[in-house]
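Chemist: Okay, here's the structure, questions in a sec.
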Amino acid sequence: MHLDPSMVLFLLFFGFLAAFIDSVVGGGGLITIPALLFTGMSPATTVATNKLAGSMGSLTSTIMFYRSGTIELKSVYKYFPLSFIGSMIGAWIVHLMNPEVLKPLMLVMLVAVAVYTIIKKDWGSISAPKQLSTFYVLLFTFLLFLIGFYDGFLGPGTGSFLIFAFLLVGFDFLKAAGNAKFLNFSSNIAGLLMFMYLGQVNYTYGLIMGVAQIVGSIVGSRFAIKRGSGYVRTLFIIVTVVLFAKNIYDYLY
């Protein structure tokens, strides 16, 4: 494939920018999906190619957060198969039907997440994981499976929803971001494998953008770890509100 140097720079720039944000609170798809669509790819190939680049970025972020001690691996490794299987099922179903059917529900969820986080000003400032009853463990487990399914099926906001889930069980924003990134990698790689099986990935564009996402993830993760939970909370609210506004606009127009 002939590559225009300006296209390479375009993919590198938006890949880095998306990964910087996504490495902390998710929402990188807000940047990468429109950028990939701009290249002329079909929507299906765009989503599939984005999974390739996103998997490279989320793996890098996971490693960065783990090395800093902000991933509770003993607590979250058992949830890896849930988001993996959920995402693979979601990616298969999106191959069969229109993902737009989930957009109204996503918008409601984003509003609830943003409002709750803004109102509870001290929420997520201290990490104190709760001892959950069997019922709430099952509920939390099912929630993570649903978020994984959502990532394979539609995608935007997955990082925000995962962070919110971990905040609900008592983690601070920084550890919630680290744990969320670990499971986001799980759902990304599962979706990617399904899209590879379906033959919908543009490997050239995906790998170029993925290299930029690796660099962006390193920079973004270091920035978040250095700044702490207060910075992550602020960015989390901003990205959630922007994500909601962007999807309202797309839904109406």
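Chemist: Give region 224-233 a look and list any residue that's under 17 Å from the mean Cα position of the chain (by Cα) and either among the basic types (K, R) or open to solvent by 50 Å² or more (accessible area, probe 1.4 Å) (or both), or say none.
Modeler: R233
Chemist: Does at least one position in region 126-135 carry a residue that is modelled with pLDDT of 80 or more, part of a loop (DSSP other than H, G, I, E, B) and open to solvent by 30 Å² or more (accessible area, probe 1.4 Å)?
Modeler: Checked against the condition, which is being modelled with pLDDT of 80 or more, part of a loop (DSSP other than H, G, I, E, B) and open to solvent by 30 Å² or more (accessible area, probe 1.4 Å), region 126-135 yields at least one hit.
Chemist: Which residues, counting only those in region 175-214, are aromatic (F, W, Y) and surrounded by fewer than 20 Cβ atoms within 10 Å (Cβ to Cβ)?
Modeler: Y197, Y203
Chemist: Can you say whether V47 is open to solvent by less than 10 Å² (accessible area, probe 1.4 Å), among the aliphatic types (A, V, I, L, M) and under 16 Å from the mean Cα position of the chain (by Cα), as far as the supplied structure shows?
Modeler: no
Chemist: Let me confirm something: among L174, L167, L132, which residue is free of Cβ contacts under 8 Å to residues at least 40 places away in the same chain, more than 20 Å from G90 (Cβ to Cβ), of a type in the set (A, V, I, L, M, F, W, C) and in contact with a helix residue (DSSP H, G or I) (Cβ under 8 Å, 6 or more places away or on another chain)?
Modeler: One residue alone meets the criteria, L132.
Chemist: Of the residues that make up region 59-68, is at least one more than 27 Å from Y197 (Cβ to Cβ), open to solvent by less than 60 Å² (accessible area, probe 1.4 Å) and either in contact with a His (Cβ under 9 Å, 6 or more places away or on another chain) or not hydroxyl-bearing (S, T, Y) (or both)?
Modeler: Yes, region 59-68 contains at least one residue that is more than 27 Å from Y197 (Cβ to Cβ), open to solvent by less than 60 Å² (accessible area, probe 1.4 Å) and either in contact with a His (Cβ under 9 Å, 6 or more places away or on another chain) or not hydroxyl-bearing (S, T, Y) (or both).
Chemist: Now a separate question. Among the residues of region 204-222, are any at pLDDT 80 or above, touching a helix residue (DSSP H, G or I) at 6+ places or on another chain (Cβ under 6 Å), over 26 Å from T70 (Cα atoms) and among the β-branched types (V, I, T)?
Modeler: For region 204-222, residues at pLDDT 80 or above, touching a helix residue (DSSP H, G or I) at 6+ places or on another chain (Cβ under 6 Å), over 26 Å from T70 (Cα atoms) and among the β-branched types (V, I, T): present.
Chemist: Something else now. Do we find that M56 is open to solvent by 40 Å² or more (accessible area, probe 1.4 Å) and modelled with pLDDT of 90 or more in this structure?
Modeler: Yes: the conditions hold for M56.
The values are calculated or read from the model by the stated rules, or taken from the named source; none is laboratory data. Because the structure is a prediction, the values reported are computed rather than measured. Note that we place each Cβ from the backbone using ideal geometry, even for glycine, and neighbour counts take in every protein chain shown. Ligands, DNA and RNA are excluded from the accessible area calculation, which covers all protein heavy atoms including side chains. Shrake-Rupley method; radii C 1.70, N 1.55, O 1.52, S 1.80 Å.
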